[in-house]
1. What is the projected area of the convex hull of the Cα atoms of the stretch 7-63, averaged over all directions, in nm²?
2. For the chain, what does the relative contact order come out to in percent, with C-alpha contacts under 8 Å and a separation of six or more?
3. So if each residue of separation counts as 0.36 nm, and I subtract the Cα-Cα distance between Glu17 and Glu117, what length gain in nm does that give?
4. Give the relative contact order (percent, whole number) for the stretch 1-64; include only Cα pairs under 8 Å separated by 6+ residues.
5. Which value in nm describes the separation of the simple spin-label points at His7 and Thr102, placed 7 Å from the Cα toward the beta carbon?
6. Suppose R0 equals 30 Å; then what is the FRET efficiency for Leu213 and Ala170 from their Cβ-Cβ distance, rounded to the nearest 0.05?
7. Expected output is a single nm value to one decimal: the length gained when fully extending between Glu31 and Arg179, i.e. 0.36 nm times separation in residues minus the C-alpha distance. What is it?
8. So what's the back-of-envelope 222 nm ellipticity for the chain, counting only DSSP H runs of four-plus at -39500 (n - 2.57) apiece and dividing by all residues, rounded to 500?
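The values are calculated or read from the model by the stated rules, or taken from the named source; none is laboratory data. Computed from a predicted model, the values in this text were never measured in an experiment. Using ideal geometry, Cβ is built from the backbone for each residue, glycine included, and neighbour counts are taken over all protein chains shown. Ligands, DNA and RNA are stripped out before the accessible areas are found, and what is left, the full protein with its side chains, is counted by its heavy atoms. Shrake-Rupley method; radii C 1.70, N 1.55, O 1.52, S 1.80 Å.
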Amino acid sequence: MADGREHREYRMEELAEEAGITVRTLRFYRERGLIPPPRREGRIAWYDDHHLARLRTITGLLERGHTLNGIADLAATFESGRDVAEVLGLGEPTEETPVRLTPEQLADYFEGEVTPENLATALDLGYLATDGDEIVHISRRLLEVSAELVREGVPLSTVLSSGRRVREHADALAEIFVRVLHAHTKETEPAQLRPLARAVVDAELSMALDRRLRREDGTQPPKSG
């Protein structure tokens, strides 16, 4: 191992030992493009902690039933996604808590549903972003709710497509509240904006669910003449 370097680096044999795999397997992963090329110094190939994290991710995903081809597709999807600085370019959410995850932890949240297609959609929506070897979900609440819906049997693809529609309506609602309050107050963001907006949306959504569920089960009361 190289000494005195800013970041820890490994020769191939050292990296394989740290990752708990054989040199032959490491060489195979490199040839398949599952890990990025090493830094070369003459005839010596140097690997770093990013390579080690990727190898541990590969092992973890294999243990969860993913194939090497699937892992390669997932890696390509992440590498083409936006990084967290871009997603948070307009500022972090004021009331949401971002969550840092490894790819293995994300796979555990959505068992069997972490596909390149679903990842691409989540990245496009800005639910997920990349930060080095980690994944950042923009909202712990949305992460937990999405995982619960999947556990209840709703496909993740449906959760994401529904989330896109919900966001469109949420943006429209936000525009209504901001315009109304800006038209009648002098503050840029009145202190009561968020609690009032949440209260109205919560009440209206509750009543809308009542109406929808009654129509679905045929108990909707007749309209008065």
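1. Values: hull surface 14.7 nm².
Result: a mean projected hull area of 3.7 nm².
2. Values: 176 pairs, mean separation 30.1, N = 225.
Answer for the chain is 13 percent.
3. Details: separation 100, 0.36 × 100 = 36.00 nm, distance 3.34 nm.
Answer, rounded to one decimal: 32.7 nm.
4. Numbers: 52 pairs, mean separation 22.1, N = 64.
Relative contact order of the stretch 1-64: 34 percent.
5. So the two model labels end up 1.8 nm from each other.
6. Working: r = 22 Å, r/R0 = 0.72.
That gives a FRET efficiency of 0.90.
7. On the way: separation 148, 0.36 × 148 = 53.28 nm, distance 5.64 nm.
Answer, rounded to one decimal: 47.6 nm.
8. On the way: 10 runs with 132 residues, N = 225.
So the calculated ellipticity at 222 nm is -18500 deg cm²/dmol.
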